[in-house]
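Below you'll find the structure, written out as structure tokens, and then a few comments.
The values are calculated or read from the model by the stated rules, or taken from the named source; none is laboratory data. Not measured: the values here are computed from a predicted model. A quick note on method: Cβ atoms are made from the backbone with ideal geometry, for glycine too, and the neighbour counts reach across all protein chains shown. The accessibility values were calculated without ligands, DNA or RNA, using every heavy atom of the protein model including side chains. Shrake-Rupley method; radii C 1.70, N 1.55, O 1.52, S 1.80 Å.
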Amino acid sequence: MDSWVIGMMLGVSIFLGSIALVAMMWAIKKGQFDDKEKFLNAALFDDESELNDAIKKEKKREDALKKKDYRPE
Amino acid sequence: MSDKIACSHCHLEFHEDVMIKDGEHYFCCNGCQGVFHLLMDEGLDAFYDKTKGVTLAPPTQQYEDSANFNAPAFYDKFVKTTKEGFYEVALVIEGIHCAACVWLNEKALINMDGVIATNINYTNNKAKIVWDDDMVKLSQIIDMIRAIGYDAYPYDVSLQEAKANKERKDYYLRIAVAIFATMNMMTIMVAQYAGYFSGISADIKHILNIGEWVLATPVLFYSGWPFFKGMYYGMKTKSVNMDTLVATGSLLTYIYSIYITLTRSGEAYFDSVTMIITFVLVGKFLEALSKKSIADTLDIMSKTLPSDVKVVRDNKIITLHVNDVLVGDIVLVNAGQRIALDGEIIEGNGTFDESSLTGESEPIHKTVGDSVISATVSIDADVKYRVTKDYAHSTMNNIVSLLENAMNSKPKIQQLANRLSEYFSTIILLLAAFTFIGWYAFSANFEHSFIIAIAVIVIACPCALALATPVATLVGLSIASKRGILFKEAAQLETMAKADVLALDKTGTITQGTPQIVHEEKFAEFDDSLLYSLLLNSKHPIAKAISTHIYKDDLVCFQLDNLKNIASQGITAMYKTKMLVGGNAKLMQTIGIDVTSSSENSEFYFAYDGKLFAKFELFDMPREDAVSAIAKIKKMGIEIIMLTGDHERSAKKVASLVGIDKYKFELTPQEKSQYIERLHNEKKVVVMAGDGVNDILALASSDIAIAMGNGSDIAIEVSDVVLLNDNLISLHESFKISKRTFAMIKQNLGLSLVYNTITIPLAMAGFIIPLIAALSMSLSSLLVVGNSLRIKFGYKD
């Protein structure tokens, strides 16, 4: 086996691994692991109504923002 | 009697006839009924599917007026504005027992108009709420939380807490990188070691070395950054610390390995660089993780005080922030409110609950001329009082600032490992320099001398020394936690092992905290239901103890009229036309029954229609294991002192029952802490165990504070060790475990020093070949880890 094959495999695997590492670091920075209980309990409350709530929440935020913009100072 | 029925809201079970029937549902109280209907109306009945089999606490109904939350002063203190122009507040929600409660709160809040976002933390029940103040006010949000059966109070997101969180996140990131690289490094090392023994082509070895180089670089410069920072600060203060050795050791090893890789000569040590940094970083992280923040403690304290009060000025009632109230102002207090400032009552009278300050659960009656103290609660009185001390000097604030001082200046016993590593690091660095100079003078070969000097640092690199303490404490901590003893900080094991004096609180620590019936006399037959109905109307611990004592399934609750709680005497009521009286001898004498008090126990008499029927004697008994635990702790050579706010008689009795020779009685919280300060001045290491609010100052000023698991929240917050099992045998065990762990730390340090005294001279002489260096480095770490596991012997679970 040529040594460049080893070099390439080593490089590719470190690169792939580091993608996963960066993804995890991003998640830590975003605070996805801040609440360990929520992480576990999320599985309990994970059906259609929760999805609808999430949409509703986003819409509410947009509406409120819009209203704020149009308000005369 | 019929079977018990579960309340439709809280699922607690009661007899059918005491419940409120409402269609097909039954409720134990109006509160539960109200919450139930609200949830049905809001379409949140899915909550009950999620709480099957869980009992909730019925909603309480004594709340301060929520309008206070809209006061500008309040907004100034707690509310922040977001980028988009919304308002944001941090709340602690009380009454959450399960995930469904969090679900319900989030759902109910997000259904409100104007609430933009909610985020409730499942672990600590802290909530962040963002809302649009033009559509909904904070008071409405808090009313909603209360309406569904919880309570919320705001807390100040202090800088300290934010800083601690940021630090923790920072560690996570650095450790993630370190562990990732170390694990990959290990797979490469398998090939390297295999190649070392069975031969490897120089090209492949070179490529593997470069791969290691790539992996080691982020570990050294990103994960290892705290060590470089530590070294920098150490240099600034002209001190050499563990960080210096880790940083120089790993950096030199790294440079040396790059040199080896580029010149293709010898063995590279990139693996040592990552291993050392990863291990030591994890050890550091574990210590940081267990550090408690003072911030949380003070949150609990200050939430108990209202932030603004109603003041009468110029015949007008105005709302002022507590800081703006002057001495001499007249303040209005309504029933159910907390007193914010110390003062003197000038109008009105009523009973006050002072339990938050004194630990005494009995309400106290106060009238014109009596002084009121901040943080106490007016139970039923609307009074006016004249402020005698401004907010900053009021009792509660005083205690908060005393506490803050005590916690910040908590005596720190210098840790053995730190002290040792300081000397060690200096010596190694000097030896390395000496080696270099020696070899250079001797051989005049710069390269060779430099490599040998680096070998000295590499071999001495304090893997074993750095691991000696964390590994041993970790094993100690895990054994302790399995036995229900929680140490909040790893270093405390060592401090506790050096303890000379144990100070114990009496009520709730040595004793059970609730009075037990020790003697019972019945002078005539009577219906227990009468006494039971009377006792249900008192919150006094004595009444509670007797009512649980006489409780039987067939007791009925009679309708009583004209109930009167007579402070520190007892309770009277009318049943039909006859008078029920329950209380102490003094109360009996006032209704014309002649009894003489002779016992050293608390007495409770019961009279009906002017005739004495029964007498109970109660005493707060020591815990069952108190005698044996105290004897065992004494045997370890620790002096035991009992500190109590109680009077001499009961202090003496308890002390002699459990075998304590030294006791101090009638101490105020401040005196308790002064006593501990005095012991400190005698150069003694003091452990204090307590449970109540009245112990917190003493707990905060002791070297190690131990709280009972069922103690007040604030006591648990302040303390370093919590005994979850709530017994005194765990107290003895925590001493035992800490002493054992400390002994192990000393052994570990000894082992790593022995290892170094053998290897360092060899390295200095230039005898260390690469294989031996690598092997012995791992071996010394293994030795330390293996030795630490020995703490477990004798603790089989």
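Do we find that B:Phe450 is more than 30 Å from B:Thr668 (Cβ to Cβ) and either open to solvent by less than 20 Å² (accessible area, probe 1.4 Å) or touching a Lys or Arg at 6+ places or on another chain (Cβ under 9 Å) (or both) in this structure? Against the criterion (more than 30 Å from B:Thr668 (Cβ to Cβ) and either open to solvent by less than 20 Å² (accessible area, probe 1.4 Å) or touching a Lys or Arg at 6+ places or on another chain (Cβ under 9 Å) (or both)), B:Phe450 does not qualify.
Taken across segment B:220-234, residues that are within 14 Å of chain A (Cβ to nearest Cβ) and part of a helix (DSSP H, G or I) do occur, with at least one present. Considering only residues of segment A:46-69 that are facing chain B (nearest Cβ under 7 Å) and closer than 13 Å to B:Lys107 by Cβ, which is least open to solvent (accessible area, probe 1.4 Å)? Once the filter is applied, the top-ranked residue is A:Asp53.
Considered as a group, the residues in segment B:175-186 that are of a type in the set (Val, Ile, Thr) and within 11 Å of chain A (Cβ to nearest Cβ) include one that is surrounded by the most Cβ atoms within 10 Å (Cβ to Cβ), and that residue is B:Val177. In the condition set (1) in contact with an Asp or Glu (Cβ under 9 Å, 6 or more places away or on another chain); (2) modelled with pLDDT of 85 or more, B:Gly234 is compliant with all but (2).
Picking from residues in segment B:488-539 that are of a type in the set (Val, Ile, Thr) and at pLDDT below 80, the one that is least open to solvent (accessible area, probe 1.4 Å) is B:Thr507. Exactly one residue among B:Leu477, B:Leu486, B:Leu504, B:Leu531 is out of contact with any Asp or Glu (no Cβ under 9 Å at 6 or more places or on another chain) and assigned by TED's automatic domain parsing to the domain that holds B:Asp703, and that residue is B:Leu504.
The numbered conditions (1) more than 23 Å from B:Ala698 (Cα to Cα); (2) of a type in the set (S, T, N, Q); (3) in contact with a strand residue (DSSP E or B) (Cβ under 7 Å, 6 or more places away or on another chain) are all true for B:Ser547 except (3).
Of all residues in segment B:330-346, those that are surrounded by fewer than 19 Cβ atoms within 10 Å (Cβ to Cβ), at pLDDT 80 or above and assigned to a loop (DSSP other than H, G, I, E, B) total 0. Within segment A:15-37, the set of residues being open to solvent by less than 30 Å² (accessible area, probe 1.4 Å) and on the phi < 0 side of the Ramachandran plot comprises A:Gly17, A:Leu21, A:Ala27, A:Ile28, A:Asp35.
For segment B:540-553, a residue qualifies if it is of a type in the set (S, T, N, Q) and open to solvent by 60 Å² or more (accessible area, probe 1.4 Å), and exactly one does: B:Thr548.
Of all residues in segment B:718-744, those that are part of a helix (DSSP H, G or I) and within 26 Å of the chain's Cα centre (by Cα) total 16. Tell me yes or no: at least one residue of segment B:775-797 is in contact with a helix residue (DSSP H, G or I) (Cβ under 7 Å, 6 or more places away or on another chain), in a helix (DSSP H, G or I), within 22 Å of B:Ser425 (Cβ to Cβ) and modelled with pLDDT of 80 or more. Taking every residue of segment B:775-797 in turn, none turns out to be in contact with a helix residue (DSSP H, G or I) (Cβ under 7 Å, 6 or more places away or on another chain), in a helix (DSSP H, G or I), within 22 Å of B:Ser425 (Cβ to Cβ) and modelled with pLDDT of 80 or more. Considering segment B:110-139, the residues that are closer than 22 Å to B:Pro72 by Cα and touching a residue at least 60 places away in the same chain (Cβ under 8 Å) include one that is surrounded by the most Cβ atoms within 10 Å (Cβ to Cβ), namely B:Leu138.
Of the residues in segment B:252-273, at least one is within 14 Å of chain A (Cβ to nearest Cβ), open to solvent by less than 10 Å² (accessible area, probe 1.4 Å) and either within 42 Å of the chain's Cα centre (by Cα) or farther than 23 Å from B:Leu779 by Cα (or both). May I ask you to verify whether B:Leu402 is at pLDDT 70 or above and either part of a helix (DSSP H, G or I) or over 26 Å from the mean Cα position of the chain (by Cα) (or both)? The answer is no for B:Leu402.
Here segment B:187-207 is the region considered, the condition is being open to solvent by 50 Å² or more (accessible area, probe 1.4 Å) and in contact (Cβ under 8 Å) with a residue 24 or more places away in the chain, and the residue that is farthest from the chain's Cα centre (by Cα) is B:Ala202.
Could you tell me whether any residue of segment B:635-644 is in the same structural domain as B:Ala499 (by TED's automatic domain parsing), modelled with pLDDT under 85 and outside any helix (DSSP H, G or I)? Within segment B:635-644, one or more residues are in the same structural domain as B:Ala499 (by TED's automatic domain parsing), modelled with pLDDT under 85 and outside any helix (DSSP H, G or I).
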